[in-house]
1. For Trp97, what residues show an amide H to amide H distance below 5 Å, using hydrogens built from the backbone and excluding near sequence neighbours?
2. Whenever you get a sec, line up Ser93, Ser264 from highest to lowest accessible area (probe 1.4 Å, protein heavy atoms).
3. Can you sort Lys36, Lys172 by solvent-accessible area, 1.4 Å probe, largest first?
4. Residues with beta-carbon under 10 Å from that of Arg125, excluding Arg125: net charge, scoring Lys, Arg +1 and Asp, Glu -1?
5. I'd like to check one number: the per residue accessible area of the chain, probe 1.4 Å, reported in Å² as a whole number.
6. Cα gyration tensor of segment 78-169, axes a ≥ b ≥ c as square roots of the eigenvalues: rounded (a/c below 1.5), prolate (a/b > b/c) or oblate?
7. Name the most mobile residue of Tyr193, Tyr106, Tyr94, meaning the one with the largest mean-square fluctuation, in a Gaussian network model of the chain with Cα contacts below 10 Å.
8. Only residues of segment 177-204 count here: report those whose backbone N is under 18 Å from the spot 7 Å along Cα→Cβ of Thr123, or say none.
Amino acid sequence: MPTATVHAWNDTGWRHDGAHARLIAFDLDNTLAVSKQPMKPDMTVRIEALTELMPVAIVTGGGRELVISQVLDVLGPRADLSNLHVMPAGGSSYYRWREGAWRLEYERTLSARDRDAAILSLTRRARELGMWPEHPWGEPIEDRGSQITFSALGQLAPIEEKRRWDPDDTKKRRLVAAVAGDLGHLRVRAGGYTSVDVSAGNTDKAFALRELAGRLGIGTGDIIFVGDRMTPGGNDYPAAQAGAIALQVTGPQDTVRLCDILLSLLGGEPVRQDG
């Protein structure tokens, strides 16, 4: 993929194009909410307000259950669910609200053979490289159906520990290279701070945005994508490479302030701080 332009959330350079965006997409962990935790009320009311104005997508490496617990379960009746697009497991599955329920639009599942091979390779290579956790917070391996995820400290590790584990992504790159050598027909990529994901070939956030743009009849350049892992090699960077207006945040506190800018650009009503 080509290199891409990424803007800091508070840069003014993206705002002209952003005012004409036709969809806003968000990463989840450390963008909308702290890892594995529900969105806070200040974020919730802003996402609700955005869904009243235009389509909003959640594109995350996490599984569907996390999107439910972190986002869907905390949204109130103000949210226009028909304007919400849910794309978990790195965009390898896609759900829309239709006729009062969340309906699966597509899912690129891994075969049982590929899931077994991915689990075996991740386990073996992590042990060989000294990355297998002896005392993890939760399970090190999670089978998300369309994606197998290895978490070097366990799925439930505190965010502070995750950030300290591999600050320059060196460990994850070594593990990705080793596992990719075993699984040449599958997509192996760095995920969050401590994770490596295996999915069907060519499924990442670029794939997700292209699929979504095609289904909605828009271009990827009409999409704003907001994420915290937007540097080359980060799991949000493919969205920028796909041509989206890419905005980098450092955490949910930035995203709240960015949402206020977006609501202003789109002509929405300001959100009450006590809302």
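1. Under 5 Å from the amide H of Trp97: Leu84, Arg103.
2. Order by accessible area, largest first: Ser264, Ser93.
3. Solvent-accessible surface, decreasing: Lys36, Lys172.
4. Local charge sum for Arg125: +1.
5. Numbers: 11860 Å² over 275 residues.
Heavy-atom SASA per residue in the chain reads 43 Å².
6. It comes out oblate by the Cα gyration axes.
7. Among Tyr193, Tyr106, Tyr94, the largest GNM mean-square fluctuation belongs to Tyr106.
8. 179-180, 182-183, 196-199
The values are calculated or read from the model by the stated rules, or taken from the named source; none is laboratory data. Not measured: the values here are computed from a predicted model. A quick note on method: Cβ atoms are made from the backbone with ideal geometry, for glycine too, and the neighbour counts reach across all protein chains shown. For the accessible areas, the whole protein counts, side chains as well, though only heavy atoms, and no ligand, DNA or RNA atoms are used. Shrake-Rupley method; radii C 1.70, N 1.55, O 1.52, S 1.80 Å.
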